[in-house]
Each structure stands twice: as C-alpha cells, then as structure tokens.
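The values are calculated or read from the model by the stated rules, or taken from the named source; none is laboratory data. What you see is a predicted model; the values in this text were computed from it and never measured. Reconstructed Cβ throughout: ideal geometry from the backbone, glycine too, with neighbour counts over all protein chains shown. Accessible surface is based on the protein model in full, side chains and every heavy atom, while ligands, DNA and RNA are left aside. Shrake-Rupley method; radii C 1.70, N 1.55, O 1.52, S 1.80 Å.
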Amino acid sequence: MKEKSTMKPILFSTPMVQAILEGRKTQTRRVVKPQPIKKGHFWTLDGAGWSSSSVVPVYGHSLYTRMPYKPGDILWVRETWYLETFYGAHSYVYRASEPNYPVNVGAGQHGWRPSIFMPKDVARIFLRVKEVRVEKVQDITEEDTINEGVNNKEKFALLWDKLNKKRGYGWEANPWVWVIEFERIEKPEVTE
C-alpha cells in the first residue's frame, strides 16, 4: 500500500528558480540529516542499511520513512518575492522573473521578501516528485549536473560549497544527499 501524496514547501535560490522556469532544472540535492554511519561494508541510518553507492528507497524500506519528499508529492516552490501595492490593488512580483524591479518605492513594506517567508497562496511554481534516491554528492554525473541547472561538475561543486560548506557539508566532505527528481506541473486544483 502506497502512502498518500502530500503538498510540501521547498526553498530554491533565485538562480535555481530561473533554471526551473527555463526548464533546465529537474533535480535537486539535499543533505541527508543525520548522515549515515558506515558499519563494515554497510551504511546505516535509523535501522536502514545498504551497501551500494546509491539506493532508491521503496515503500516499506526503513529508509523510505526518512525521505523528505516521496514520489508523487507536490512541492510548492518558495522563492524571493515582493507584494506590490498600488492604490489599494495588490500583485506579486518574483525576483527570478523581475530581478531589477524597483521594490524600494511605493507604499507598504519595501524590499524583496526572503523565500522562507513566502506563503503557499503566493506560490506560482509547483513540482511533482518523480523519484528520490540517496547517494554521495561527489557521485553526481555530468548529465545530473545539467539536470541540476548547472553546466558541469566543477560549477556544481562551487555552487554546492556556497550553499553547504559553512554548515559542514562541503564538496570535500562528500556527504550523503537525497537526490530529488521532479517535473514542473500546473497549480493543483486542490491544495491541502
């Protein structure tokens, strides 16, 4: 029996939102927390064990319950945004589409709002999770770097370090990551 799909938020930086909008980004990698521990020839995490360098957890596998997103889940993208107020009318502006928009003029709160504060009803990008697997970040293929919205492995490693090195999960540390493959979809009619 499969679990019911759910709707969950996911954060992306402005360049990655642009890559999604352009159809260049169909994957994302997120650090597995806590990191699996090596015991002999096996990696373990909360009772789950595997010996290969990549594993696709399936329903019923103990690693499946640890997945942040599951196949079929709908993700609403949190991105940098701004609420434009003009003579009582409201509209939303998204930095990925309008990076030079003058957000410091007009009425109301000024400046771009961080993606973390984006409410679900403001979201304009929705993704359906197709597959989730676990692998070491350095195991990314050249094809997967392109699916990440980056041209090559070297550029991906630099981007990875920019986002994760300060937190102890840099490229050289080679952490285990969730590899989340997705497709862009229209806004679902029912949003939980």
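Take Val77 and decide whether it is under 13 Å from the mean Cα position of the chain (by Cα), of a type in the set (A, V, I, L, M, F, W, C) and surrounded by fewer than 20 Cβ atoms within 10 Å (Cβ to Cβ). I'd like the intermediate steps shown before the answer.
Working: under 13 Å from the mean Cα position of the chain (by Cα): yes; of a type in the set (A, V, I, L, M, F, W, C): yes; surrounded by fewer than 20 Cβ atoms within 10 Å (Cβ to Cβ): no.
So Val77 does not fit the description; no.
List the pairs whose first member sits in the range 59-88 and is modelled with pLDDT under 90, whose second member is hydroxyl-bearing (Ser, Thr, Tyr) and open to solvent by 60 Å² or more (accessible area, probe 1.4 Å), and whose Cβ atoms are under 8 Å apart, counting only residues at least 6 apart or on separate chains?
Close Cβ pairs (under 8 Å, with a partner that is hydroxyl-bearing (Ser, Thr, Tyr) and open to solvent by 60 Å² or more (accessible area, probe 1.4 Å)) amount to Leu83/Tyr92; Glu84/Tyr92.
For residues in the range 4-18 being open to solvent by 50 Å² or more (accessible area, probe 1.4 Å) and part of a helix (DSSP H, G or I), which is modelled with the highest pLDDT?
Step by step, filter the range 4-18, then rank; the result is Gln18.
Can you run down the residue pairs with Cβ atoms below 6 Å, 6 or more apart or on separate chains, where the first is in the range 31-45 and surrounded by 10 or more Cβ atoms within 10 Å (Cβ to Cβ) and the partner is basic (Lys, Arg) and not in a strand (DSSP E or B)?
Close Cβ pairs satisfying both conditions: none exist.
So for the range 108-124 (the condition being in a strand (DSSP E or B) and touching a Phe, Trp or Tyr at 6+ places or on another chain (Cβ under 6 Å)), does at least one residue qualify?
In the first step, residues of the range 108-124 are kept if they are in a strand (DSSP E or B); the result is 113.
Cutting the leftovers down to touching a Phe, Trp or Tyr at 6+ places or on another chain (Cβ under 6 Å) gives us 113.
For the range 108-124, residues in a strand (DSSP E or B) and touching a Phe, Trp or Tyr at 6+ places or on another chain (Cβ under 6 Å): present.
With respect to Lys153, determine if the residue is open to solvent by 50 Å² or more (accessible area, probe 1.4 Å) and touching a Phe, Trp or Tyr at 6+ places or on another chain (Cβ under 6 Å).
For Lys153, the condition - open to solvent by 50 Å² or more (accessible area, probe 1.4 Å) and touching a Phe, Trp or Tyr at 6+ places or on another chain (Cβ under 6 Å) - is not met.
Can you find a residue in the range 131-147 that is under 28 Å from Glu189 (Cα atoms) and open to solvent by 50 Å² or more (accessible area, probe 1.4 Å)?
yes
Out of all the residues in the range 46-74, which are assigned to a strand (DSSP E or B) and either under 27 Å from Glu189 (Cα atoms) or open to solvent by 20 Å² or more (accessible area, probe 1.4 Å) (or both)?
First, pick out the residues of the range 46-74 that are assigned to a strand (DSSP E or B): 48-50, 54-55, 74.
Within the range 46-74, Gly49, Ser54, Val55, Ile74 qualify.
Exactly one of these conditions fails for Tyr92: (1) in contact with a helix residue (DSSP H, G or I) (Cβ under 6 Å, 6 or more places away or on another chain); (2) open to solvent by less than 50 Å² (accessible area, probe 1.4 Å); (3) not in a helix (DSSP H, G or I); (4) not hydrophobic (A, V, I, L, M, F, W, C). Give me its number.
In the conditions (1) in contact with a helix residue (DSSP H, G or I) (Cβ under 6 Å, 6 or more places away or on another chain); (2) open to solvent by less than 50 Å² (accessible area, probe 1.4 Å); (3) not in a helix (DSSP H, G or I); (4) not hydrophobic (A, V, I, L, M, F, W, C), Tyr92 misses (2) alone.
Name the residue that is most open to solvent (accessible area, probe 1.4 Å), counting only residues in the range 156-192 that are of a type in the set (Val, Ile, Thr) and at pLDDT below 95. Talk me through it step by step, then tell me what you get.
Narrowing the range 156-192 to residues of a type in the set (Val, Ile, Thr): 177, 179-180, 185, 190-191.
So of that shortlist, the ones also at pLDDT below 95 come out as 190-191.
Numbers: Val190: 118, Thr191: 60 Å².
The qualifying residue most open to solvent (accessible area, probe 1.4 Å) is Val190.
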